[in-house]
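This report concerns only the one structure given below.
A short reminder: the numbers here are calculations on the coordinates, not readings from a lab. A quick note: this is a predicted structure, and the numbers were derived from the prediction, not measured. Positions of Cβ are generated from backbone atoms using ideal geometry, with glycine treated the same way; all protein chains shown enter the neighbour counts.
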């Protein structure tokens, strides 16, 4: 990577080496992005694309931010150089395929939800508090406070109020 930077006539301003794999917090990368936002660097040079972005969405979001900031991006292994017209065209193709991937995933999720509904499956959170509605009403008629009802039945006070509000409507 140093040899490539020297051949291009670039001066190395900041070097980041992350060892942790799959880390959700990538402080070194955030430090590099912060330097780009402060206009302290002109180009980000990485060994491989998967070293920069953990997902296609993450990769495209950061590449778009770098482009917006006027910071070039080069991946040596994939020969992706966004400082050139051909590299920017390749990034555009990546964006198109990422959008296609998101649309396919969205369609699959919708189809799965529809199939579950057709099979009579109830979607959403389980109706735990509603199962105790009769008991809540009975305790309330007995003059027990809403907070005590919630403790006895082991549901939230808001659920108790909601169940009792249904009777008043």
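Data overview
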read-out: Looking only at segment 34-80, and only at residues there that are under 21 Å from the mean Cα position of the chain (by Cα), free of Cβ contacts under 8 Å to residues at least 12 places away in the same chain and assigned to a loop (DSSP other than H, G, I, E, B), the one that is surrounded by the fewest Cβ atoms within 10 Å (Cβ to Cβ); value: 55
read-out: Test: residue 149 is surrounded by fewer than 12 Cβ atoms within 10 Å (Cβ to Cβ) and in a helix (DSSP H, G or I); value: no
read-out: Any hit, segment 117-125, residues being surrounded by 10 or more Cβ atoms within 10 Å (Cβ to Cβ) and assigned to a helix (DSSP H, G or I); value: yes
read-out: Matching entry among 93, 113, 131, 123 (being in contact with a helix residue (DSSP H, G or I) (Cβ under 9 Å, 6 or more places away or on another chain) and on the phi < 0 side of the Ramachandran plot); value: 123
